[in-house]
Each structure stands twice: as C-alpha cells, then as structure tokens.
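**Q** What follows is a single structure, and I will ask about it in a moment.
Throughout, read-outs are computed from the coordinates displayed, never taken from laboratory work. All figures in this text were calculated on a predicted structure; none of them were measured in a lab. With ideal geometry, Cβ positions are generated from the backbone for all residues, glycine too; neighbour counts draw on all protein chains shown.
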Amino acid sequence: MLDLDLAGQHALVGGGTEGIGRASAELLAAHGADVTVLARTTASLEATAAALPRPREGQAHAWIEADMSDLGTLAAKVEALASVRPVTILVHNSGGPPGGPAHAAPIEAYEAAFRQHLLAGQTLLQAVLPGMRRARYGRVVNVISTSVKEPIRGLGVSNTIRAAVASWAKTLATELAPSGITVNNVLPGYTRTRRLEQIVEDRMRAAGKRREEIEQAMLATVPAGRFAEPREIAAAVLFLASPAAAYVNGVNLPVDGGRTQSL
C-alpha cells in the first residue's frame with residue numbers, strides 16, 4: 001500500500017492561501033499533517049487555516065504572516081514556530097516574478113526575484129533544518145517551473161531565478177540525504193492560478209490578441225489539451241512529502257500534461 005500517512009508531521013506551506021499553495025495545504029492536512037500556512041495577508045491566512053481538513057483527532061493548523069522578501073522577519077517568525085512545533089515538511093512556494101524579456105529587465109528585478117525565491121528558500125530551510133535533523137525525517141518540496149528544463153518565452157527573470165533554485169535544491173539533496181531529508185522540485189505546467197492569468201494578460205497586451213486566441217495557442221503546446229487544476233499539482237507535492245517518497249531525492253518533476261519536450 002502506498003504510504004501517504006502524514007500523521008505526526010508538521011508542514012509549512014508558502015503561498016498557502018491560494019492556488020497551488022492552498023491546494024497543497026489542503027491535501028497535506030487531509031492526509032493527517034498539522035499545517036501552517038505562510039502568506040502576507042492576515043484575513044486570508046486565518047480563513048484558510050480555519051478551513052483546512054482535520055481528519056484526525058487533535059490535528060492543529062496555524063498561520064504565519066510574512067513577506068518572503070523580508071528575510072529578517074521571515075527567519076524570526078519561522079524559527080519561533082519551529083522552536084515550538086518542529087517543521088518536517090517545507091513546501092517552498094511563492095508567486096513568480098513579473099514577465100518580460102531577460103535583456104530588458106532592470107538589475108533590481110533580478111535582485112528582487114533572487115531574494116524572494118532563492119534567499120527566502122535558504123532562510124526557510126535554515127529555520128526548519130534543526131527539527132528535521134532531530135526527527136530524521138524531512139521533506140523539502142520546491143514549487144518552481146518547467147522553465148528549469150525549457151525557458152518560457154516572455155519570462156526572462158523567472159527563467160533565470162527558477163534555474164538557480166533548481167540547482168540549489170539539487171545541491172541540498174546530496175548534502176542532506178544522510179539526515180533522512182529529501183529535496184525535490186515540482187515543475188507545474190500551465191495551471192489555473194493567478195500566475196496563469198498574469199501570463200495570459202501579458203501576452204494579450206504584447207500580441208494585441210483576444211484571450212481566447214492566447215489560451216488556444218498555449219493549449220496547442222499541451223498534449224493533454226487543457227490547463228491543470230491546482231489540486232493536480234498538489235498531488236505531486238503530497239507524494240514527495242510522504243513516507244512513500246523516501247527514496248525520491250533531487251528530482252525535477254514536471255506536472256504539465258506532457259508539454260515539456262525534453263527528458
């Protein structure tokens with residue numbers, strides 16, 4: 001039987017109030033994990049934490065309000081959480097950088113994205129790592145992009161920074177495996193989230209075309225012929241966070257309906 005039981009585990013989920021982050025928080029909670037959602041808005045955090053499933057007695061969910069670019073506050077809040085309830089599952093997920101060609105992006109855009117994604121990931125990891133080592137159980141799942149395999153047109157900054165996160169994760173996978181900790185990346189394809197809406201609108205403006213034309217052109221590259229739902233990406237997050245995935249380490253897992261053409 002596939003062991004997806006997360007009873008006794010504590011998951012910290014970034015971007016946990018919407019899209020892939022929220023779907024991941026819901027699935028992890030449904031399989032028994034205590035879940036803490038991390039985002040920037042108190043009202044949505046409170047509502048999300050209150051609505052998460054509680055299939056087992058004593059299951060407790062919580063939330064942290066923090067901006068991923070404010071590394072000092074992020075570190076302090078997550079360290080305080082982990083000192084009381086060690087985190088054994090970290091889902092590193094946050095919104096993507098603004099679109100545009102790589103050559104036209106200002107230096108500040110690269111700096112901001114590097115801070116929000118890679119430096120925030122390092123901050124989160126260092127805050128939760130002691131608890132994972134003590135538990136001899138750790139799952140780090142980074143939600144990044146298929147652009148680490150094939151750069152996506154019009155997402156120059158994102159393509160660059162996502163690749164840096166993927167290389168960071170691969171390095172960590174080797175370093176942390178002896179402690180019972182795995183580090184893997186989920187690479188979502190076109191998924192019905194606010195990020196997809198942003199990409200579609202950017203392409204509408206750039207091409208002067210209607211939404212239907214842009215979406216049809218995008219779907220023409222997807223063998224499955226449709227956009228993913230956030231829960232479908234979350235299913236991959238759940239597996240990688242589970243005991244069943246103990247020997248899966250250092251992988252980039254596309255969940256994209258077959259769109260990525262490279263191996």
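**Q** If the cut-off is 17 Å between C-alpha atoms, which aspartates and glutamates fall inside it for residue 209, apart from same-chain ones fewer than 8 positions away?
**A** Candidates past the 8-residue exclusion: 197, 201.
**Q** With +1 on each Lys and Arg Cβ and -1 on each Asp and Glu Cβ, and nothing else charged, work out how big the dipole of the chain is about its Cα centre, in Debye to the nearest 20.
**A** Rounded to the nearest 20 debye, it is 280 debye.
**Q** Follow-up. If packing is taken as the average number of other Cβ atoms within 10 Å across a peptide's residues, how do 33-39, 79-85 rank, most packed first?
**A** Those peptides, ordered most packed to least, come out 33-39, 79-85.
**Q** Cα extents of segment 5-101 along the three principal axes, largest first, in whole Å?
**A** The Cα atoms of segment 5-101 stretch 48, 26, 24 Å along the principal axes, largest first.
**Q** In segment 102-151, which trypsin sites (Lys or Arg not before Pro) fall in coil by DSSP and have 12 or fewer other Cβ atoms within 10 Å? Can you show the working numbers first?
**A** Details: sites: 115, 133, 134, 136, 139, 149; in loops: 136, 149.
Listed in order of number, the matching sites are 136.
**Q** Which value, in debye to the nearest 20, gives the size of the charge dipole of segment 184-246 about its Cα centre, when Lys and Arg are +1 and Asp and Glu are -1 at the Cβ?
**A** Values: 10 positive and 8 negative charges, 24 e Å.
So the dipole magnitude of segment 184-246 works out to roughly 120 debye.
**Q** Same structure, new question: Could you tell me the center-to-center distance, by alpha carbons, between segment 8-23 and segment 55-117 in angstrom?
**A** 11 Å
**Q** On to the next question. Which whole-Hz couplings ³J(HN,Hα) result when phi for each residue of segment 102-114 is put into the Karplus expression 6.51 cos²θ - 1.76 cosθ + 1.60, θ = phi - 60°, listed in order with x for Gly and Pro?
**A** 4, 5, 9, 6, x, 4, 4, 5, 5, 4, 5, 5, 4
**Q** Quick one: helix 71-84 against the long Cα principal axis of the chain, what's the angle to the nearest 10°, folded into 0 to 90?
**A** Roughly 30 degrees, rounded to the nearest 10.
**Q** Starting from segment 20-58, pick out the GluC sites (Glu not before Pro) whose DSSP state is loop and whose Cβ has at most 14 other Cβ atoms within 10 Å.
**A** Details: sites: 26, 46, 57; in loops: 57.
Those satisfying the criteria are 57.
**Q** If we count other beta carbons within 10 Å of each Cβ, what is the order of 218, 68, fewest first?
**A** 218, 68
**Q** Okay, next question. Taking H placed 1.01 Å from N in the peptide plane, check which residues at least 5 places from residue 250 or on another chain put their amide H under 5 Å from its amide H.
**A** 183, 184
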